[in-house]
Amino acid sequence: MARVEGARRSTVSDFAAVHLTLLSRAYCHLCDEMEAALRPILQGHGAALTVIDVDAHPALDARYGERVPVLFAGTVEAGTELCHYVLDRDAVLAAIRRSSLPGD
């Protein structure tokens, strides 16, 4: 597993159906709330989560600034933004459903 400075990975299953990336920062109550709200969804669907501290990545900080947390299906670079500030549970569940379709 590749390590990204300023990132931590939480894997519920080694064969996760979907991988989510959360842009976060320390001392951000919205970030903490979104991560906590994601946990039951991750556990219920065997999804993986990488949390990236935007303050450890100047390019991400410049791009997203105070607009955190931001949740992506996939990676920041190649994924799809699902929501920011508050968790959009429906968008997350739709992304999980799409990732588990045959042929994906």
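The values are calculated or read from the model by the stated rules, or taken from the named source; none is laboratory data. All values reported here derive from a predicted model rather than from experimental measurement. FYI the Cβ positions are ideal-geometry reconstructions off the backbone, even for glycines, and counts take in every protein chain you see.
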Looking only at the range 55-101, which residues are in contact (Cβ under 8 Å) with a residue 24 or more places away in the chain, within 17 Å of ARG39 (Cβ to Cβ) and part of a helix (DSSP H, G or I)? ARG89, VAL92, LEU93, ALA95, ILE96
For the range 15-27, state whether one or more residues are modelled with pLDDT of 95 or more and over 18 Å from ARG89 (Cα atoms). yes
Restricting attention to the range 34-49, report how many residues are surrounded by fewer than 19 Cβ atoms within 10 Å (Cβ to Cβ) and not in a helix (DSSP H, G or I). 2
Residue check, THR80 against (1) within 12 Å of the chain's Cα centre (by Cα); (2) buried (at least 16 other Cβ atoms within 10 Å of the Cβ), all met but one. Which one? (2)
